[in-house]
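Engineer: Encoded as structure tokens, here's the structure I'll be asking about.
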Amino acid sequence: MITIQKEELEKCVLEIFQAAGLNEEQASIVARHLVLANLRGIDSHGVSRVDIYTKRLDLGIMKKKTEINVVKETPSSMLLDGGGGVGIVLATKGMQLAVEKAKKTGIAIVGINHSSHCGMLADYTAYAAQNNCIGLAVTNAPSSMAPWGGKEGYFGTNPLSYGVPAGKEIDIVFDMATSVVARGKITLARKNNQEIPIGWAISKEGYPTTDPTEAGEGLVLPVGGPKGYGLAFFIEVLSGLLTGAAFGPYISSLYKDLNKSQNVGQFFLVIRADLFEELDSFKGRMDQMIEEIRNIPLAHGYDRIYLPGEIEYERSKKLAVEGIPLSKNVLDELVSVVERYGLEMPV
């Protein structure tokens, strides 16, 4: 593993996306987001995505100028057509608009269609929490998971995230895939020549596998069996069907379909935290619940109770000081992108 300081890595990624054709504002949004994913330890959604994002930009599949087009709007809702733009930029703007509306009306919904892979959802729900709102974010993804009992893929990993503001305690920011793991972790394992644990995925023949290449050709498994399938189904409804985006097997692959846009859908629900009671009261009760959970007697073999998202929060603070570790293979891939645009690596 090779360690790079957060500021240097973010500057490098910013310069890459500017060279790829994004303006400074949008390149900055993407760079901050990807490095934040690495800071939180979500390496599958971090700078390992730079290569595929820039390839799609170079090929014109992902638009270099991401524009926000309002299709429908009410005082508490908005549907955006992303026009095949950069998913991280669209989702960032979408959540900002949802928070802006929620502050006025108390509750707001923003849907996005014709989007693309939008990275780590925790970034968007954390923004809602920072603005004294409760945020829910979901997105669909290319087909890689079978409905429970099936042997052909239909749903994507279909992640969900929520953010809740606290008072003196840290905001709660939770992010999960409805598959056992995000498919990006399998892709990252393949890049790093690592095996994956049994239970993450099955081969295309339907057998459990530790080979990330076989898993990439096969299917991921839903978390919690039929319960994960049920969650994935509803997320498909919210982010795909409700928004008018593609759904299930009609979403193009980020890595394989290098001739057409993805038409991914995103759905954001934002509720002002003082919708029913005073903000100080809500935050005080949140702090009380957090403290009480931390003080619950520990089960055998555990030395601490973590709040949802707390491990990632603590890791981000640690790596912001110590630097971000990248595997040699991921770093080599980043170097190849830097060289493609005639830039220089910070290390």
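Engineer: So which of GLY199, GLY248, GLY244 ends up being at positive phi and either out of contact with any Gly (no Cβ under 9 Å at 6 or more places or on another chain) or of a type in the set (Ser, Thr, Tyr) (or both)?
Structural biologist: GLY199
Engineer: Report yes if some residue within the range 87-104 is assigned to a loop (DSSP other than H, G, I, E, B) and either under 24 Å from LYS185 (Cβ atoms) or at pLDDT 95 or above (or both); otherwise report no.
Structural biologist: no
Engineer: Go through the range 156-176 and count every residue that is small (Gly, Ala, Ser) and open to solvent by 20 Å² or more (accessible area, probe 1.4 Å).
Structural biologist: Keep residues of the range 156-176 that are small (Gly, Ala, Ser), which gives 156, 161, 163, 166-167.
Within this subset, residues satisfying the condition of being open to solvent by 20 Å² or more (accessible area, probe 1.4 Å) are 167.
Residues meeting the conditions: 1.
Engineer: Filter the range 242-260 down to the residues that are open to solvent by 60 Å² or more (accessible area, probe 1.4 Å) and either among the basic types (Lys, Arg) or in contact (Cβ under 8 Å) with a residue 24 or more places away in the chain (or both) and list them by number.
Structural biologist: LEU242, PHE247, PRO249, TYR255, LYS256, LEU258, ASN259, LYS260
Engineer: Hey, can you tell me all the residues within the range 214-227 that are buried (at least 23 other Cβ atoms within 10 Å of the Cβ) and in a helix (DSSP H, G or I)?
Structural biologist: ALA215
Engineer: How many residues does the range 287-304 hold that are touching a residue at least 40 places away in the same chain (Cβ under 8 Å) and either in contact with a Phe, Trp or Tyr (Cβ under 8 Å, 6 or more places away or on another chain) or among the acidic types (Asp, Glu) (or both)?
Structural biologist: Counting residues in the range 287-304 that are touching a residue at least 40 places away in the same chain (Cβ under 8 Å) and either in contact with a Phe, Trp or Tyr (Cβ under 8 Å, 6 or more places away or on another chain) or among the acidic types (Asp, Glu) (or both) gives 2.
Engineer: Moving on to the next point. Among residues belonging to the range 298-316 that are of a type outside the set (Phe, Trp, Tyr) and over 19 Å from the mean Cα position of the chain (by Cα), point out the one that is surrounded by the most Cβ atoms within 10 Å (Cβ to Cβ).
Structural biologist: This residue is LEU307.
Engineer: In the range 272-311, what count of residues is obtained for those that are hydrophobic (A, V, I, L, M, F, W, C) and assigned to a helix (DSSP H, G or I)?
Structural biologist: 7
Engineer: Just give me the residues in the range 128-155 being free of Cβ contacts under 8 Å to residues at least 60 places away in the same chain, surrounded by 19 or more Cβ atoms within 10 Å (Cβ to Cβ) and of a type outside the set (A, V, I, L, M), in sequence order.
Structural biologist: Passing the criteria: only ASN131.
Engineer: So how many residues does the range 16-47 have that are surrounded by fewer than 24 Cβ atoms within 10 Å (Cβ to Cβ), over 19 Å from ALA320 (Cβ atoms) and either of a type outside the set (D, E, K, R) or modelled with pLDDT under 95 (or both)?
Structural biologist: 8
Engineer: Another question about this same structure. Any residue in the range 67-74 that is surrounded by 21 or more Cβ atoms within 10 Å (Cβ to Cβ) and of a type outside the set (A, V, I, L, M, F, W, C)?
Structural biologist: The initial filter retains those residues of the range 67-74 that are surrounded by 21 or more Cβ atoms within 10 Å (Cβ to Cβ), namely none.
Checking the range 67-74: not a single residue is surrounded by 21 or more Cβ atoms within 10 Å (Cβ to Cβ) and of a type outside the set (A, V, I, L, M, F, W, C).
The values are calculated or read from the model by the stated rules, or taken from the named source; none is laboratory data. Bear in mind the structure is a predicted one, so any value in this text is a computation, not a measurement. Heads up, the Cβs are rebuilt from the backbone with ideal geometry, glycines too, and the neighbour counts pull from every protein chain shown. Surface accessibility is based on the protein's heavy atoms, side chains included, excluding ligands, DNA and RNA. Shrake-Rupley method; radii C 1.70, N 1.55, O 1.52, S 1.80 Å.
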